[in-house]
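Worksheet: one structure, shown below.
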Amino acid sequence: MTIFKKIIDKEIPADVVFEDDQCLAFRDVNPVAPTHILIIPKKEIRSLADIDQSSDKEILGHLLTTASQIAENEGLDKDGYRVVINTNEHGGQTVFHLHVHIMGGRVMEWPPG
Ligand code: 5GP
């Protein structure tokens with residue numbers, strides 16, 4: 001079981017900014033930008049490399065539309081923000097429960113490290 005599953009089950013606390021029947025969004029414990037929020041599906045999906053191409057289509061769309069709404073709620077939409085899904089070892093994934101990072105409040109650099 002991952003730490004994110006424990007957050008979904010309310011076994012460990014998190015600073016939750018949004019929740020519905022399909023997903024949960026909370027502030028990253030180690031933020032790399034003034035605003036840094038993670039959105040996770042309540043369904044346990046290991047990574048973007050492990051999705052079901054047909055049955056996970058709706059939840060993946062839901063994660064991105066929710067990311068857009070949360071960014072707007074946080075006042076990030078006008079200046080902009082970055083959305084990232086780190087995937088497996090080369091992608092820098094450290095928690096193996098699919099999650100979408102929303103980062104904003106400063107200018108992001110490109111290319112990433
Ligand atoms: P990854 O590197 O897998 O894409 O991102 C995992 C993120 O989860 C990291 O940014 C890390 O700071 C965050 N994180 C890890 N454990 C916890 C936790 O227990 N609570 C919260 N809120 N964030 C966590």
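The values are calculated or read from the model by the stated rules, or taken from the named source; none is laboratory data. Quantities reported herein were computed from a predicted structural model and do not represent experimental measurements. Note: ideal-geometry Cβ built from the backbone for every residue, glycine included; neighbour counts use all protein chains shown. Accessible surface areas use protein heavy atoms only, side chains included; no ligands, DNA or RNA. Shrake-Rupley method; radii C 1.70, N 1.55, O 1.52, S 1.80 Å.
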_Which pairs turn up if I take residues in the stretch 3-19 that are closer than 17 Å to His36 by Cα and more than 7 Å from the ligand (Cβ to nearest atom) and look for partners that are part of a loop (DSSP other than H, G, I, E, B) and at pLDDT 95 or above with beta carbon separation below 6 Å, at least 6 apart in sequence or on another chain?_
Phe4/Val95; Phe4/His97
*Just one of the numbered conditions (1) in contact with a Lys or Arg (Cβ under 7 Å, 6 or more places away or on another chain); (2) among the hydrophobic types (A, V, I, L, M, F, W, C); (3) farther than 24 Å from Asp9 by Cα is not true of Val83; which one?*
(1)
*Residue under evaluation Tyr81, criteria (1) in contact (Cβ under 8 Å) with a residue 24 or more places away in the chain; (2) open to solvent by less than 80 Å² (accessible area, probe 1.4 Å); (3) of a type outside the set (A, V, I, L, M, F, W, C), criterion not met*: (2)
*Can Gln93 be described as polar (S, T, N, Q), assigned to a loop (DSSP other than H, G, I, E, B) and crowded, with 17+ Cβ neighbours inside 10 Å?*
yes
*asked:* Test of understanding: among Ala49, Ala25, Ala33, Ala67, which residue is open to solvent by less than 50 Å² (accessible area, probe 1.4 Å), touching a helix residue (DSSP H, G or I) at 6+ places or on another chain (Cβ under 6 Å) and under 21 Å from Thr94 (Cα atoms)?
replied: Ala25
